[in-house]
1. Please work out how much accessible surface Asp119 shows to a 1.4 Å probe, ignoring ligands, DNA and RNA, in Å² rounded to 10.
2. Rg and Dmax in Å for the stretch 90-133, alpha carbons only: what are they?
3. What Kirkwood Rh does the stretch 68-185 have if only Cα atoms enter the pairwise 1/r average? Answer in Å.
4. Based on a Kirkwood Rh over C-alpha pairs, give the Stokes-Einstein translational diffusion coefficient of the stretch 132-184 at 4 °C and viscosity 1.567 mPa s in µm²/s.
5. So for Ser159, Ser123, what's the accessible-area order with a 1.4 Å probe, most first?
Amino acid sequence: MTIHTGAVYNNGVVARLLDVLVAAREHTPATPPGDELARVNRTLDSNAAVSWAMPSATLTALFDLIAGQLERSADASLPVGFAQRLKAAAGEQDRLEFLRETAATLRELQREGIPRFDDLPLSPWEAELRFAALRDFSWWVESDEYDAFDEGVRDGVASEHPDGCAERVPPLIAELHAALLLETDAASSASLRSVVPWATPPVLREILRLASTHLLEAH
């Protein structure tokens with residue numbers, strides 16, 4: 001069975017997973033691989049669009065299919081970008097072994113259930129993916145163009161008013177809520193602040209208040 005390169009090698013989720021595995025190795029090299037793959041499952045599960053388009057079962061099947069093609073033809077021509085990602089993710093491990101072990105581990109971890117942050121703290125690379133809206137909002141919080149913090153936040157929230165608010169503000173509010181839920185988890189909070197240094201509970205609550213007020217009063 002031949003795998004269509006456009007369907008697999010250039011698949012954004014597969015490529016992103018390889019990038020995530022590389023980032024995990026760079027950020028937390030001493031962490032057991034199973035923990036990082038559990039975080040991968042958790043990250044995939046947390047994104048409704050990804051869970052619908054590329055659930056873990058489909059992703060692991062694709063890894064097995066890629067391994068099968070490489071086994072049948074070790075010289076199979078891989079797109080340069082995909083080959084580089086695969087090499088970086090596998091490290092010193094054989095590519096076939098890496099692909100199959102990763103798929104098997106992801107399946108087993110999925111059967112065990114998605115870990116809570118209490119059991120497996122948020123990692124910095126997870127925070128980068130999960131809190132993209134907060135990272136993008138940093139300019140409005142840290143900018144020296146405003147005399148007061150509230151002014152910058154209000155302008156940031158309303159920066160794409162009116163048409164862009166429905167698309168931009170709800171994800172920001174959702175991430176603010178999620179970030180506040182990490183308040184009692186010191187390790188997860190530290191990972192978040194390694195990515196968004198200003199994300200302390202008082203600041204998060206004030207942005208949440210101002211963003212919610214904008215939706216209530218201006219829409």
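The values are calculated or read from the model by the stated rules, or taken from the named source; none is laboratory data. No experiment lies behind these values; they were computed from the predicted model shown. Only protein heavy atoms, including side chains, enter the accessible area calculation; ligands, DNA and RNA are left aside. Shrake-Rupley method; radii C 1.70, N 1.55, O 1.52, S 1.80 Å.
1. 120 Å²
2. So, for the stretch 90-133, Rg and Dmax equal 13.7, 37 Å respectively.
3. Details: mean 1/r = 0.0539 Å⁻¹.
Kirkwood hydrodynamic radius for the stretch 68-185: 18.5 Å.
4. Numbers: Rh = 11.8 Å.
Estimated diffusion coefficient is 110 µm²/s.
5. Working: Ser159 55, Ser123 5 Å².
The residues order as Ser159, Ser123, largest area first.
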